[in-house]
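Worksheet: the structure to be examined is printed underneath.
The values are calculated or read from the model by the stated rules, or taken from the named source; none is laboratory data. Model, not experiment: these values are computed from the prediction. FYI the Cβ positions are ideal-geometry reconstructions off the backbone, even for glycines, and counts take in every protein chain you see. Note: accessible area is taken over every heavy atom of the protein model, side chains too, but ligands, DNA and RNA are not part of it. Shrake-Rupley method; radii C 1.70, N 1.55, O 1.52, S 1.80 Å.
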Amino acid sequence: MSEHFSFSMHLPAHPVSVSMARSAVRCLISLVDAKDLEHTELVLSEVLTNAIRHGSCGIQDSVAVEIAAGAGRITGIVRDTGPVFEPPAAPPAAAEIGGYGLHIAMSLSDLTISHTAAGNTVTFTVPGPAKPAAGG
Amino acid sequence: MTMSNLFGFEVQNCTNAVRIRVFGEADMAAEQPLVTATSEVLASGGCASVVLDLTGVSFMDSSGLRGVLRCRQNARAHAVPFKLAVADGPVARLLKLAGIAGQLEYE
């Protein structure tokens with residue numbers, strides 16, 4: 001794939017934004033592998049949900065999303081303005097009802113979290129370099 | 001039939017065996033409505049069992065999963081058997097990715 005395509009958007013820190021961001025990513029359908037696109041939708045959903053749930057104070061805050069596709073890869077960047085968060089050290093225990101999000105995202109992508117004075121920046125790349133296609 | 005992305009659900013009650021059919025995208029926006037719907041069914045009493053039918057779900061992430069697990073927790077608190085109906089597709093893949101597929105009961 002030689003084409004390169006990118007877009008960015010600012011979304012309100014509200015639950016409905018997660019579906020809107022996934023819809024936008026589906027415009028890559030003709031550029032990327034279908035499995036990679038499905039994984040990107042899920043990873044973006046998890047990262048954006050995390051930013052809205054933990055990284056924002058209210059809907060007056062916005063979350064910035066950048067997506068780029070090219071050279072067989074999709075890269076996403078999600079920036080929030082909230083307090084610092086770290087990825088969980090281990091998957092949730094069997095009895096837990098939450099905490100799966102970033103684990104799922106990390107299982108499908110190469111994901112890094114960085115912090116600045118302005119907030120958190122999560123960068124992910126699908127497919128992750130050393131991981132086989134997951135999820136069957 | 002084209003599967004809509006719009007989240008929704010439908011409660012079917014057949015001699016107190018309740019089936020909640022869920023449609024569309026089960027994400028952060030759907031979590032609380034799903035939990036509320038199940039809570040109302042359980043609180044109404046006379047509910048012998050609950051099946052959460054996820055075969056119409058077009059997308060699920062960990063927030064959708066959290067909604068399902070909260071529904072299960074609520075059913076357990078009411079001592080009502082709780083099962084899922086899951087087809088091959090996004091829900092089955094998500095349950096497998098989360099490592100929780102083997103811990104749930106299926107219809």
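The table below lists the values:
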| item | result |
| --- | --- |
| Isotropically averaged projected area of chain A, using the convex hull of Cα atoms (one quarter of hull area), nm² | 8.6 |
| For the pair B and A, total buried accessible area rounded to nearest 100 Å², probe 1.4 Å | 2000 |
| Where GluC sites (Glu not before Pro) in DSSP loops with at most 15 other Cβ within 10 Å are excluded, longest remaining stretch of chain A | A:4-95 |
| Label-point separation, residue A:5 to residue B:105 (7 Å along Cα→Cβ), nm | 4.6 |
| Listed residues A:109, A:23, A:62, most fluctuating in chain A (Gaussian network, C-alpha, under 10 Å) | A:23 |
| Gap separating the Cα centres of segment B:46-64 and segment B:72-107, nearest whole Å | 8 |
| Burial of 50 Å² or greater, segment B:40-76 residues [accessible area, probe 1.4 Å, versus chain by itself] | B:59, B:62, B:66 |
| Most fluctuating residue given options A:24, A:90, A:105, as computed from a GNM of chain A linking Cα atoms under 10 Å | A:90 |
| Chain B, relative contact order [Cα under 8 Å, separation at least 6], % | 26 |
| Heavy-atom accessible area per residue - the protein assembly as shown, 1.4 Å, Å² | 46 |
| Semi-axes of the equivalent ellipsoid for the protein assembly as shown, Cα gyration tensor, largest first, Å | 32, 19, 17 |
| Stokes-Einstein D in µm²/s, Kirkwood radius over Cα pairs - chain B at 10 °C with 1.306 mPa s viscosity | 117 |
| Computed E for residue B:77/residue A:60 - FRET, C-beta separation, R0 35 angstrom, nearest 0.05 | 0.45 |
| Residue B:9 accessible area, assembled protein chains, probe 1.4 Å, Å² | 90 |
| Residue A:123 - accessible surface, heavy atoms, 1.4 Å probe, Å² rounded to 10 | 40 |
| Derived scalar couplings ³J(HN,Hα) [segment B:93-107; Karplus, 6.51 cos²θ - 1.76 cosθ + 1.60; whole Hz; x for Gly, Pro] | 5, 5, 4, 5, 4, 6, x, 10, 3, x, 9, 10, 9, 10, 5 |
| With every protein chain in place, segment B:1-68: carbon and sulfur % of accessible area (1.4 Å) | 56 |
